[in-house]
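Notes for the one structure printed next.
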Amino acid sequence: MSKAFTKEDGGGDEGLIPARPRSTSAEQRYITPEGYRALQEELLESQGPAPQDWPELEAGVRKRERERRARELTAILEDVRVVEPDPSQAGRVFFGAWVVLEDEDGARMRYRIVGPDEADVKAGRLSVESPLARALLGKEAGEAVQVERPRGTVEYEILAVEYAESEGAAAAP
């Protein structure tokens, strides 16, 4: 598991996103330890026996879908690089952080900055490649960020940055 982090362009503050390995292969993708475990569990489930109550035709179709998903998950698990939070990152937004935000209307939300293979906005997991996550990287509680969206620019204030492992709801109290 990797703990190396650096700014993507190679300059400035350390720790903005995981450091890219020196490789000529395709662009590296990152994942949190929890995301990696979740994909492993999904792979095991996709390889398990199919329910017996499926009609024969449906069972064949679903079997092919499960086999396709198992191949896809295997490829993802082979390609991703697991990145654990570094304790020295406390207080600033980096890969794996939980971030509590407040928008201009006072609405609060809580997101974890994760890799694209585990992103799920409804579950509070925001891809590191998203415009909001990119704007948050390297910032700390009390700072504001502006994000350009199709409906216009939105400003968010960072209320808290945490590195706890617990999965939280997308909305903060």
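The values are calculated or read from the model by the stated rules, or taken from the named source; none is laboratory data. Computed from a predicted model, the values in this text were never measured in an experiment. Here Cβ is always computed from backbone atoms with ideal geometry, including for glycine, and neighbour counts include all displayed protein chains. To get the accessible areas, we keep the full protein, side chains included, count just its heavy atoms, and leave off ligands, DNA and RNA. Shrake-Rupley method; radii C 1.70, N 1.55, O 1.52, S 1.80 Å.
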Problem - Inter-site label distance for Glu65 and Leu44 at 7 Å from Cα along Cβ, in nm - result: 2.3 nm
Exercise for the section: Provide the per-residue ³J(HN,Hα) series for the stretch 117-123, in order, calculated from phi with Karplus coefficients 6.51, -1.76, 1.60 and θ = phi - 60°, each as a whole number of Hz, with x at glycine and proline positions. Expected result: 6, 10, 5, 6, 4, 4, 8
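Tell me the net charge near Glu45. Cut-off is 11 Å between Cβ atoms, Glu45 excluded, with +1 for each Lys or Arg and -1 for each Asp or Glu.
On the way: positive: Arg66, Arg69; negative: Glu41, Glu42.
For residues surrounding Glu45, the net value is 0.
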Completion exercise
For the Val121, Glu56 Cβ pair and Förster radius 41 Å, calculated FRET efficiency rounded to 0.05 is 0.60
Problem - From phi via Karplus (6.51, -1.76, 1.60), per-residue ³J(HN,Hα) for the stretch 88-97 in Hz, x at Gly/Pro - result: 5, 7, 3, x, 10, 7, 9, 3, x, 6
Exercise for the section: Find, to one decimal place in angstroms, the Kirkwood hydrodynamic radius of the stretch 35-90, where the mean of 1/r is taken over every pair of different Cα atoms and then inverted. Expected result: 13.2 Å
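By the scheme Lys and Arg +1, Asp and Glu -1, what is the net charge of all other residues having a beta-carbon under 12 Å from that of Glu148?
+2
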Problem - Per residue value of the accessible surface for the stretch 57-144 (all protein chains in place, 1.4 Å probe), Å² - result: 50 Å²
Handout entry: Gain on full stretching of the segment that runs from Asp79 to Glu104 - 0.36 nm per residue minus C-alpha separation
Key = 5.1 nm
